[in-house]
Amino acid sequence: MNIPIHRPALGWTLATAALLGAASLAGAQELPCGSELEPWQVPHAIALQEAGAYDWPDQALPQPFSFAGAPSYVVPLTFHVVRRSNGSEGLSMARLQTALADANSHYAPIGIQFCIAGPIDYIDDDALYFDIDTRAEVDALRVMNWVPNTINIYFTEVLDTESGGLCGISAFTFSAVQSIAMRNSCTATSTNHSTFSHEIGHYFDLYHTHTTSTGDECVDGSNCAVAGDLVCDTPADPRLSSSTVTSSCVYVGGESDNCNNDPYAPQVENLMSYSRKQCRDLFTTGQYTRALATLVNLRPELALPICAGGVVEYCSPGTPNSTGQPSTMSLQGSGLVADNNLTLRTTGLPLGQFGYYLNGRMQATPVTPPGSQGSFCLGGNLGRYNAPGEIGFTGMTGEIALTLDLTQTPTSQSAVSILSGETWHFQLWHRDWVNNSSTSNFSNAIAVTFR
């Protein structure tokens, strides 16, 4: 399908910022999204619509994804976390993993899952953490350390423009800047598990259900294909807010449309609305169709096998051990859960030492434990492969290998089965002898997204 995509050249520069305070979690409830269709973008949106860019063959969606089977598409994300200049604060790995889980849940019905494609990019800069208050500064952040063929997502404490604070801002396929920025207080909080998925929705060319850039949508749906969000199974929306949606997620507004004076009956649960953040938890079939067609027709680079059933290496190279070189962990076998045939192998280890593998569900900021010379890089619910038969000895080869049983994966609580679509992280710990003293070290780390 030959569909024109217009992406204007970037022209943003970083200006001097003025200090603005970060919004509280309560205030974040009312912060808007910066992803609005601008007048110059409307012709591109309509042209893509008319060209069939958002049509899915036979309007048939893939079977819903469940952890009993592999997803149809694994979309790679690159996370950029802004922190203080001294490396402190910033969004935690736990919150990043929660945001990822939220998105995987919301997009599972169309076979889309998301993975972290590589190491977290930490940007340590007080100005970018506290002082972003213009659109130019927002967009300058959104191109820093940009990684191709992934959705680049930036997380910072303050995300303001000349018009005020934002919860997030994303990109349509025809936007000038191709990335997402999120305010920390709007990301994976106890009352907001929706903004992250909302911004990804924009990246798949979903518009706000209340948008009027294309014209006012009539309640009776008579112009739904050419007005509003251009999706016909999302009810017309008067622009919801916490003043028109109760804490019980009930619409109490009394607005009527400009077409026939019909009263609005909006969908307060829709993820692309401005309903209360905790109320938003669904997409319609029409939105799912549009999102999936955007991925396949307009963003095919996101369907590359960057982390689907593959590996991502980080904390590499590790700290040199007593051999003078760092050890190197690699994988052999299959990333398919059904095969249950994956071996971890680490070479370049000191002779005559023992070690064992560890696992975790996330990448963590590297730390050097007491008594060690290397960096430990795993986080989350940690597991140790130190049962009988699992502890390795380097002997005269300087290697330790372990074939995993994916149905008996150790965690801090009990053994679990690794499921298709899950990402697990692995690293080797080993003993060493340096300067006549006993110490320890670590290999590099590897993340595996299983299929």
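The values are calculated or read from the model by the stated rules, or taken from the named source; none is laboratory data. Bear in mind that the values here come from a model prediction, so they are computed numbers and not experimental data. A quick note on method: Cβ atoms are made from the backbone with ideal geometry, for glycine too, and the neighbour counts reach across all protein chains shown. Areas reflect the complete protein model, heavy atoms only, side chains present, ligands, DNA and RNA absent. Shrake-Rupley method; radii C 1.70, N 1.55, O 1.52, S 1.80 Å.
Before moving on, here are some points about what is shown:
- Among residues of the stretch 194-218 that are on the phi > 0 side of the Ramachandran plot, those with a Cβ under 7 angstrom from a residue that is in a helix (DSSP H, G or I) and buried (at least 24 other Cβ atoms within 10 Å of the Cβ), sequence gap 6+ or separate chain, pair up as Asp205/Arg290.
- When the residues of the stretch 147-161 are filtered to those that are at pLDDT 95 or above and in a loop (DSSP other than H, G, I, E, B), the one that is most open to solvent (accessible area, probe 1.4 Å) is Glu157.
- Checking the stretch 394-409 against the condition returns no match, with no residue being closer than 17 Å to Gln363 by Cβ, at pLDDT 90 or above and among the small types (Gly, Ala, Ser).
- Test: residue in the stretch 405-428 that is in contact with a His (Cβ under 7 Å, 6 or more places away or on another chain), in contact (Cβ under 8 Å) with a residue 24 or more places away in the chain and in a strand (DSSP E or B): no
- Given (1) crowded, with 24+ Cβ neighbours inside 10 Å; (2) within 15 Å of the chain's Cα centre (by Cα); (3) of a type in the set (A, V, I, L, M); (4) farther than 23 Å from Arg276 by Cα, index of the condition Ile169 fails: (4)
- Sole exception among (1) at pLDDT 95 or above; (2) open to solvent by 10 Å² or more (accessible area, probe 1.4 Å); (3) within 17 Å of the chain's Cα centre (by Cα) for Arg142, by number: (2)
- Residue within the stretch 226-233 that is open to solvent by 40 Å² or more (accessible area, probe 1.4 Å), more than 29 Å from the chain's Cα centre (by Cα) and either in contact (Cβ under 8 Å) with a residue 40 or more places away in the chain or closer than 29 Å to Thr187 by Cβ (or both) present: yes
- Checking each residue in the stretch 367-395 for being assigned to a loop (DSSP other than H, G, I, E, B) and of a type in the set (A, V, I, L, M) picks out Leu382, Ala387, Ile391.
- Against the numbered list (1) surrounded by fewer than 20 Cβ atoms within 10 Å (Cβ to Cβ); (2) out of contact with any Leu (no Cβ under 8 Å at 6 or more places or on another chain), Gln332 comes up short only at (2).
- Test for Arg345: is it over 24 Å from the mean Cα position of the chain (by Cα), open to solvent by 20 Å² or more (accessible area, probe 1.4 Å) and basic (Lys, Arg): yes
- If the condition is being over 14 Å from the mean Cα position of the chain (by Cα) and open to solvent by less than 10 Å² (accessible area, probe 1.4 Å), then the stretch 80-113 contributes Val82, Ile110, Gly111.
- Candidate set: the stretch 402-447, residues that are aliphatic (A, V, I, L, M) and closer than 15 Å to Leu342 by Cβ; chosen: the one surrounded by the fewest Cβ atoms within 10 Å (Cβ to Cβ): Leu419
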